[in-house]
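Participant: Please see the structure below; I have some questions.
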Amino acid sequence: MFRRGLNISKNTNGFEIESHYDRILQSCTSLAFLSQVHSILTTTGIIKHSVHLGARVIIKYSDFLHPQRARFVFDATDHESSSFLWNTMLRAYANSGFSSEALDFYSLMRKTGILPNNYTFPFALKSCAANLFPTYGKLLHSEIIRTGFGSDVYVEAALIDMYAGCEFIEDARKVFDKMSKRDLVCWTSMITAYEQAERPETALFLLNQMQQEGFSLDWVTTVTVASAIGQLGDGMKAQAVHGYAIRHAGFQDLPVVNSLLSMYSKCGEVEKAEIIFDQTKQRNTITWNSMLTCYTQNGLASEALDLFEQMKKSDINPNHVTSLIIVSACSYLGSQHLATKIHNFIKINKIETNLTLQNAIMDMYAKCGDLETSLRMFQEVPLSQLDVSSWNTLISGYGTHGHGKKALEIFNKMINHNFHPNHVTFTSILSACSHSGLIEEGKKCFSQMETFNVTKEPKHYACMVDMLGRGGLLNEAHEIIKNMSLQSQSQSHLQPNDEVWGALLLACKIYGNATLGKVCADNLLHLKPQHTGYYVLMSNIHATSRNWQEVGKLREDMKTKGLKKPAGLSLIEFNGNLHGFHTGEELNSFTKAVYEKVAKMVVDVKMAGYVPDLSCVFHDVEEEDKEGMLEYHGEKLALGFGLMNVDVGLVIRITKNLRVCSDCHSVFKLVSCVYKRKIIVRDVNRFHHFEEGCCSCNDYW
C-alpha cells in the first residue's frame, strides 16, 4: 500500500493523493503504523501542503495520547494563517486531557493574531472545566461576547458545561435562560449540570419543560435522566425511563444499558437490573462493573463475587474499577482468605494499582481483621506518595479494632507530616475515640475541626453523641442535639438527622433509659418511619424494663406497616468457604452436631462462671425458655462450628451483620479462656479480639 501511495504521489493529482492517504490514516490502529504513514507524508512533502492531512495526523497522534508528536506535526505545517489547524491542535490537547497545555496553546493562538471562532471556544472552555479554572472561563466568556459568538448554540452549550464543571451552576443557568434558541444539546447540557450537581429534582423539572417544548430524549439525555432518577432512588420513575428506552430503540446502546443498570442499583431494584444484564449479550467492562456494583451496593457481596468469577471466564478483562468493586465486596464479607485471593489476582494480572486502589486494599485487609497487612502496605508507600485517604484508612482501621490511642497517634503523625485532615479524617478519629472511651481526647479532636477549617456535619455530631452516650453521659449527649437544633435555624445542614438521634437511642438501650429513649424514638420514627432498626431498639428498651405492653404496641405497629426485623446472620470462614448461621437454625444433619457442641460449650463456660444475661431476650417468656433462646444465637452457633473445625492454634474468625449481644460477648470471653482459643468477631460497629478471657473492646462497645 505504501509503495502504491508513493506511485500515486508521483502520477496523480492532489485531490486523489489526499483522499488516498486520508483512507490510510483512518485505518491506522497502532502508533507504529501511524508513524510510518507520517514518515512517508513528511518525506514526500505532502503533509506540508495539505492542511487536511496535517490535521488528520494531529488528531490521530492525540488519539494515541501523544500530543507532543501532534504538536511536532503542527509546527512543521504551514499553519500561520490556518485557524483550522490551530483549532485542530487545540482540540488534540483538550480531548487528550492535556488541559493546561490547551489553555497555553489558546493564549499563543491569540498572541499570534489568529482569531478564534465557534470551533475554538468549546475546546478552550472544556479545558477550563477540566482544570477547574472558572476565572479563565469567565474571561473566555467575555471574549466570546466581544467576538460575536455569544449566540452560537454550540458555544453556549460549552459555556453551560464549563460553568457546571466548575460548580458555578447558577452562572450556567443564566447562560441557559438567556439563550434565544435552545436545541437538544443545550437542554441536555443544563439537565446534566443539575444531575452532576446532585440536584435531581431540578434536573427532572427541566426535563419536563424540555418535553413540553417538543424535544424528545436522545441516548445522551436518557443516560443523564437515568442517573438523576438513581440519585432519587425512585423505582417508579426508573421503570418509566426504562420503558421509554425500550420504545425508542436506544435501549440496546451500551451507554443506555449501563446507565439503566446503575439506576436500578441505586433504587435497590436488583432483580430488574439482573433482567437487563441477562438480556444484554454484547457487554463491555462498564456493563460488568455496573452489575457488580449493583450487587455490592445492595449488600449482596457473595453474588458480586460469583458474578466476578463469571466475568473472568468471559472475553472481558477486569480492570482497576472492577478491582475496586470486588475489594469493596470482600470488605463487606470480612473474609481474610478472600482478601488475600483478590489481592493476589490483582498482582498476578498486573492490574494498574493506583493509590485509590491501594488505599481500598488496605481498608479491605483492616476490615477482614488483618490490620498488620494493612499497616505494612501503608508503610511500603513513600511518604511523598501518600494522600489524606491513606491516613484516613489507617486511622479508621485502628479505630474499628479498638486501638483508639494508636489511632490518635497516627492522627497526630499525619498532622506533623503536613497532611491536612478532612471531614472523613475527623469522622474516623472521633469514631475511634468513641469505640475506646477516649471522651476528653474526642472532645479535643472535635474542637480541632475549626482549627483546620473543616465544617462540622451531622455525622461528626453523631460521633460525639455516640461517644458521650457510650460513656454514660446521656444528658450531655442530649444537650449536643439540642444545640444542633438551635444552630440549624441559621445553618440548615445542622438539623439533627436519624444518625444523630440513632446514636442516642442506642445509648439509651445500653443504659436502660426508657424516658429519653422515647424522645429519640419519636424523632426517629418521624424522620425514618420505615427504618426497622429503630422500632427494634425501642422495643428492646421497653423489654429490658419489662414493659411488655409497649413492646406489643411497637411490634403491632411494625406489622401494620409491613416492617420486619432484620435477620441476624453470623458468618465463619473455614477451608476458604464462608458458612452462615441464623439464630435458632433449623435442626438438620449439618446443624445437629453444631447444636450439641454449643450445648457442651455452654456447660463448660458455666463451670467457669458464666451466668446467662436474660436481659438479652426481648420476649415475655419463662426464664428457662429465655436461657434456651440465648443458647442458640447465630454467633454462638458459628463459634461452636469453629471449635469443631478450625485447628487449634488458628484464629476463629466470625462476622455478624448486627451488634453482638452482651450475653454472647460474655460467652466468647470465657470460651477464649477455657478453650485457649483466639477469636476475632466483626460486628456491624467494630472488631472484638477475644483472648485469654478478655476482649480488645474492654467491654466498651
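The values are calculated or read from the model by the stated rules, or taken from the named source; none is laboratory data. Values in this document were obtained by computation on a predicted structure and should not be read as measured data. Positions of Cβ are generated from backbone atoms using ideal geometry, with glycine treated the same way; all protein chains shown enter the neighbour counts.
Participant: Just to be sure before I move on: is Asp663 modelled with pLDDT under 95, outside any loop (DSSP other than H, G, I, E, B), of a type in the set (Asp, Glu) and touching a Leu at 6+ places or on another chain (Cβ under 7 Å) in the structure I sent?
Facilitator: Against the criterion (modelled with pLDDT under 95, outside any loop (DSSP other than H, G, I, E, B), of a type in the set (Asp, Glu) and touching a Leu at 6+ places or on another chain (Cβ under 7 Å)), Asp663 qualifies.
Participant: Still on this model: Scan region 86-97 and tell me whether some residue there is surrounded by fewer than 19 Cβ atoms within 10 Å (Cβ to Cβ), out of contact with any Phe, Trp or Tyr (no Cβ under 8 Å at 6 or more places or on another chain), part of a helix (DSSP H, G or I) and not hydroxyl-bearing (Ser, Thr, Tyr).
Facilitator: No, region 86-97 has no match at all.
Participant: Looking at region 647-654, is at least one residue touching a strand residue (DSSP E or B) at 6+ places or on another chain (Cβ under 6 Å) and farther than 20 Å from Gly334 by Cα?
Facilitator: no
Participant: Separate question: Of the residues that make up region 372-387, is at least one under 23 Å from the mean Cα position of the chain (by Cα), modelled with pLDDT under 95, within 26 Å of Asp699 (Cα to Cα) and of a type in the set (Gly, Ala, Ser)?
Facilitator: No: region 372-387 contains no residue that is under 23 Å from the mean Cα position of the chain (by Cα), modelled with pLDDT under 95, within 26 Å of Asp699 (Cα to Cα) and of a type in the set (Gly, Ala, Ser).
Participant: When you scan region 579-610, how many residues do you find that are closer than 27 Å to Gly693 by Cβ and either modelled with pLDDT under 85 or not aromatic (Phe, Trp, Tyr) (or both)?
Facilitator: Here the count works out to 18.
Participant: From the list Ala514, Ala503, which one is buried (at least 20 other Cβ atoms within 10 Å of the Cβ) and either free of Cβ contacts under 8 Å to residues at least 24 places away in the same chain or touching an Asp or Glu at 6+ places or on another chain (Cβ under 9 Å) (or both)?
Facilitator: From the options Ala514, Ala503, the qualifying one is Ala503.
Participant: Among the residues that make up region 529-538, is at least one of them within 24 Å of His582 (Cβ to Cβ) and of a type in the set (S, T, N, Q)?
Facilitator: yes
Participant: List the pairs whose first member sits in region 450-462 and is free of Cβ contacts under 8 Å to residues at least 40 places away in the same chain and closer than 23 Å to Leu504 by Cβ, whose second member is of a type in the set (Val, Ile, Thr) and crowded, with 17+ Cβ neighbours inside 10 Å, and whose Cβ atoms are under 7 Å apart, counting only residues at least 6 apart or on separate chains?
Facilitator: Pairs that qualify, where the first residue is free of Cβ contacts under 8 Å to residues at least 40 places away in the same chain and closer than 23 Å to Leu504 by Cβ and the partner is of a type in the set (Val, Ile, Thr) and crowded, with 17+ Cβ neighbours inside 10 Å, are His460/Thr427; Tyr461/Ile480; Tyr461/Val500.
Participant: Take Lys559 and decide whether it is among the basic types (Lys, Arg), over 23 Å from Val660 (Cβ atoms) and touching a helix residue (DSSP H, G or I) at 6+ places or on another chain (Cβ under 9 Å).
Facilitator: Answer is no for this residue.
Participant: If you check every pair at least six apart or on different chains, which have Cβ atoms under 6 Å apart with a residue in region 683-701 that is within 12 Å of Ile654 (Cα to Cα) first and a residue that is modelled with pLDDT of 90 or more and of a type in the set (D, E, K, R) second?
Facilitator: Close Cβ pairs (under 6 Å, with a partner that is modelled with pLDDT of 90 or more and of a type in the set (D, E, K, R)) amount to Asp683/Lys656; Phe690/Lys669.
Participant: What's the total number of residues in region 406-420 that are within 15 Å of Arg686 (Cβ to Cβ) and surrounded by fewer than 22 Cβ atoms within 10 Å (Cβ to Cβ)?
Facilitator: Qualifying residue count, region 406-420: 1.
Participant: Mind checking which residues of region 118-157 are part of a loop (DSSP other than H, G, I, E, B), aromatic (Phe, Trp, Tyr) and closer than 23 Å to Trp187 by Cβ?
Facilitator: Tyr119, Phe149
Participant: Tell me the residue from Thr12, Thr77, Thr44 that is touching a helix residue (DSSP H, G or I) at 6+ places or on another chain (Cβ under 6 Å), modelled with pLDDT under 85, more than 29 Å from Ser127 (Cβ to Cβ) and among the hydroxyl-bearing types (Ser, Thr, Tyr), please.
Facilitator: Sole residue among the options that is touching a helix residue (DSSP H, G or I) at 6+ places or on another chain (Cβ under 6 Å), modelled with pLDDT under 85, more than 29 Å from Ser127 (Cβ to Cβ) and among the hydroxyl-bearing types (Ser, Thr, Tyr): Thr44.
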